Structures are given as C-alpha cells and as structure tokens.
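Reading through the structure tokens given below for one structure.
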Amino acid sequence: TGNPTELGLTPRQFEVLRWFVQGLSNKEIAQRLDIAPDTVKNHLKPIFIKFGVGTRTQLIAEIYRRGIVLGKPEVGNS
C-alpha cells in the first residue's frame, strides 16, 4: 500500500497520482482538483523522476511492478 510519505511525494502529488492511475487525462485530473492542466503537469514531472520513468505507460507499469496500491481517490470536484 502506498502513502505519500512512503513514496516521497507531497500530498498533492499523491492526489494527482491517484487520479492518474484511474486513467484520467491531465485535463480531467485538473477538472477534478480544480487546478490548471499545467499545474497537473508540474505535479507529474517529479513523480516521473521519482519512479525513474519517462512516459505515462511506464509510470503505470512501474507502480504495478512495485506492487503499490493507491486506492480510489476521494471524489472532490467532479
């Protein structure tokens, strides 16, 4: 099971990641969190670096490979 501290992520990065693994686009994540799509991108950049990946697909694969379970995100602004 993953949590922000274990993964070295900020709470907001963790929140973005939880929506990301649900298959949402940056635009959809931005709408859910009431932030700009560029802000989502800025949160994802350090996540990609922490996981040592360069693409969305690689990130999903790495999360799966590590056995990280993020759980469903809380429904906020939908």
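The values are calculated or read from the model by the stated rules, or taken from the named source; none is laboratory data. Just so it is clear, the model here is predicted, and its values are computed rather than measured. Ideal geometry is used to build each Cβ from the backbone, glycine not excepted, and the neighbour counts take in all protein chains shown. Just the protein is used for accessible areas: all its heavy atoms, side chains included, with ligands, DNA and RNA removed. Shrake-Rupley method; radii C 1.70, N 1.55, O 1.52, S 1.80 Å.
Taken over region 61-78, residues that are at negative phi and surrounded by fewer than 15 Cβ atoms within 10 Å (Cβ to Cβ) amount to 11. Of everything in region 3-14 that is open to solvent by 30 Å² or more (accessible area, probe 1.4 Å) and assigned to a loop (DSSP other than H, G, I, E, B), the residue that is modelled with the lowest pLDDT is N3. Condition first: in contact (Cβ under 8 Å) with a residue 40 or more places away in the chain, hydrophobic (A, V, I, L, M, F, W, C) and open to solvent by 60 Å² or more (accessible area, probe 1.4 Å). Can you find one or more residues in region 25-38 that meet it? Taking every residue of region 25-38 in turn, none turns out to be in contact (Cβ under 8 Å) with a residue 40 or more places away in the chain, hydrophobic (A, V, I, L, M, F, W, C) and open to solvent by 60 Å² or more (accessible area, probe 1.4 Å).
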